Amino acid sequence: QREHELEEGDAEMSLLGETSGRKEAGERREMITAALRDALTKQGYKLIGSHSGVKLCRWTKSMLRGRGGCYKHTFYGIESHRCMEATPSLACANKCVFCWRHHTNPVGTEWRWKMDQPEVILREALENHRNMIKEFKGVTGVRAERFEEAMTAKHCALSLVGEPIMYPNINHFLRLLHQRGISSFLVTNAQFPEEIRNLEPVTQLYVSVDASTKESLKRIDRPLFKDFWQRFLDSLKALSEKQQRTVYRLTLVKAWNVDELKAYADLVSLGKPDFIEVKGVTYCGDSSASSLTMANVPWHEEVVRFVQELAQLLPDYGIACEHEHSNCLLIAHKKFKINGDWCTWIDYERFQELVQAHVDSGGTQTFSATDYTARTPHWALFGSNQRGFDPLDTRYQRKGKARDISGC
């Protein structure tokens, strides 16, 4: 019955998806159709050119007000109010059941559309991001010093929507980010192994590992590729070859993928990630594109228990950090525990020095994940009283308002 529901959802979501990704003979169309533009604009996206976009993350707004940063602030030391969430490709090769965009983005297995230049995409992304930040000037609760800092983006989360690695000029785009001193956090859905292999250094490279068996991956990610499982495995192997920081991103969907501990451990040995993020799925409301319900959302204690059991199967890893607010924990390779202290945070200035030297040498001068680490503060560690909430900020509880679930 569930498979039948998913098939029905696939058919309905194709209205805005598949049709915008088809390639007509001798013609490359724009990825963003009129219907797609209308749907994404209503969701708050600022669209750029014919295939890119930015959106203000709820954690950016939260940190502007001193109400706490995202899990990447807790785990890796980013400044959430200075983070731009963007994508150079709205298209994706999966139709994940937990996608909070309700599948209004196009789908495809290859680049079939007109292509904008990376310089234009980045310039307009930064301009749109700044304009969205400007709207918070003078807003009650916004900290003046953070507002000024937020006008200059320091981090870019390429995880907004779609599959950024599909963009043919992704390496050029990443170089442009680094030239501006902006760190790069790129998320891929593990369906493009060759693109992962050819990817130039990024600050941190994520691979979504939403399931550990072929059957559950098909049910949860609903990939377009017929050879999706082999592509998935090859993507993890490609990840193991990267020298910079790598992350497995696990999204737990209760009753769907929480009982696959041994299989997850096997996948860790395949891709050898530096870090493993485990997050409880976020329920995004009723949708004809998904049969997900609140019953599929695990409690934080259930996520903690899963992480503890998984860590027991991984002798080279330990539980480093927790962000209770996001229902998320971080497992880290023990090479990041230096002189008894976890060092999961990133030295961003050092990364920029290293990546510039890499570029200047024509790629001959390499560097590794442990070359740009920084000590993790006590409040961010698993087991701390703050449970990952920065003591410099004040926890805020919403009352009677719809929750904004957007944000990486």
Residues of region 367-391 being over 19 Å from Leu329 (Cβ atoms) and among the small types (Gly, Ala, Ser), in sequence order, are Ser368, Ala369, Ala374
Filtered residue count, region 301-327, keeping only those that are without any contact (Cβ under 8 Å) to a residue 24 or more places away in the chain and among the aliphatic types (A, V, I, L, M): 1
Tell me which residues, restricted to region 235-270, are more than 24 Å from Pro315 (Cα to Cα) and either modelled with pLDDT of 95 or more or open to solvent by less than 30 Å² (accessible area, probe 1.4 Å) (or both). Val253, Trp256
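Here's the yes/no breakdown for (1) without any contact (Cβ under 8 Å) to a residue 60 or more places away in the chain; (2) open to solvent by 60 Å² or more (accessible area, probe 1.4 Å); (3) of a type in the set (Val, Ile, Thr); (4) over 22 Å from Val247 (Cα atoms):
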| site | (1), (2), (3), (4) |
| --- | --- |
| Met132 | no, no, no, yes |
| Met151 | yes, no, no, yes |
| Leu158 | no, no, no, no |
| Arg175 | no, yes, no, no |
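How about region 1-103: which helices (runs of 4 or more DSSP H) wholly inside it have at least 1 residues that are crowded, with 16+ Cβ neighbours inside 10 Å and at pLDDT below 75?
Working: elements: 2-13, 18-21, 34-42, 58-64, 71-76.
Correct list: 2-13, 18-21.
Would you say Gly141 is open to solvent by less than 30 Å² (accessible area, probe 1.4 Å), more than 19 Å from Met84 (Cα to Cα), in contact (Cβ under 8 Å) with a residue 12 or more places away in the chain and not hydrophobic (A, V, I, L, M, F, W, C)?
Details: open to solvent by less than 30 Å² (accessible area, probe 1.4 Å): no; more than 19 Å from Met84 (Cα to Cα): yes; in contact (Cβ under 8 Å) with a residue 12 or more places away in the chain: yes; not hydrophobic (A, V, I, L, M, F, W, C): yes.
Judged against the criteria, Gly141 is not a match.
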Test Ser89 against the criterion of being in contact with a Phe, Trp or Tyr (Cβ under 6 Å, 6 or more places away or on another chain), free of Cβ contacts under 8 Å to residues at least 60 places away in the same chain and among the hydroxyl-bearing types (Ser, Thr, Tyr), and give yes or no. no
What is the residue count in region 296-355 for residues that are in contact with a His (Cβ under 9 Å, 6 or more places away or on another chain), among the polar types (S, T, N, Q) and assigned to a loop (DSSP other than H, G, I, E, B)? 1
Cβ contacts < 9 Å: first residue over 10 Å from Phe173 (Cα atoms), restricted to region 115-130; second residue open to solvent by 80 Å² or more (accessible area, probe 1.4 Å) and at pLDDT below 95, any location; separation 6+ or different chain. Result? Met115/Arg28
Filter region 197-220 for residues that are open to solvent by less than 20 Å² (accessible area, probe 1.4 Å) and over 15 Å from the mean Cα position of the chain (by Cα) and give the result. Leu199, Pro201, Ala211, Ser212, Ser216, Leu217, Ile220
Of the residues in region 124-141, those that are modelled with pLDDT under 95 and part of a helix (DSSP H, G or I) come to none
Contacts under 7 angstrom Cβ, first residue in region 346-357 being over 11 Å from His178 (Cα atoms) and open to solvent by less than 80 Å² (accessible area, probe 1.4 Å), partner outside any strand (DSSP E or B) and of a type outside the set (Phe, Trp, Tyr), 6 or more apart: Ile346/Gly77; Ile346/Thr203; Ala357/Gln365
Hey, Met166 surrounded by fewer than 19 Cβ atoms within 10 Å (Cβ to Cβ) and out of contact with any Leu (no Cβ under 9 Å at 6 or more places or on another chain) or not: no
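The values are calculated or read from the model by the stated rules, or taken from the named source; none is laboratory data. Since the structure is predicted, the reported quantities are computational estimates derived from the model, not experimental observations. Backbone-built Cβ (ideal geometry, glycine too); neighbour counts: all protein chains shown. Please note that ligands, DNA and RNA were not included when accessible areas were found on the heavy atoms of the full protein model with its side chains. Shrake-Rupley method; radii C 1.70, N 1.55, O 1.52, S 1.80 Å.
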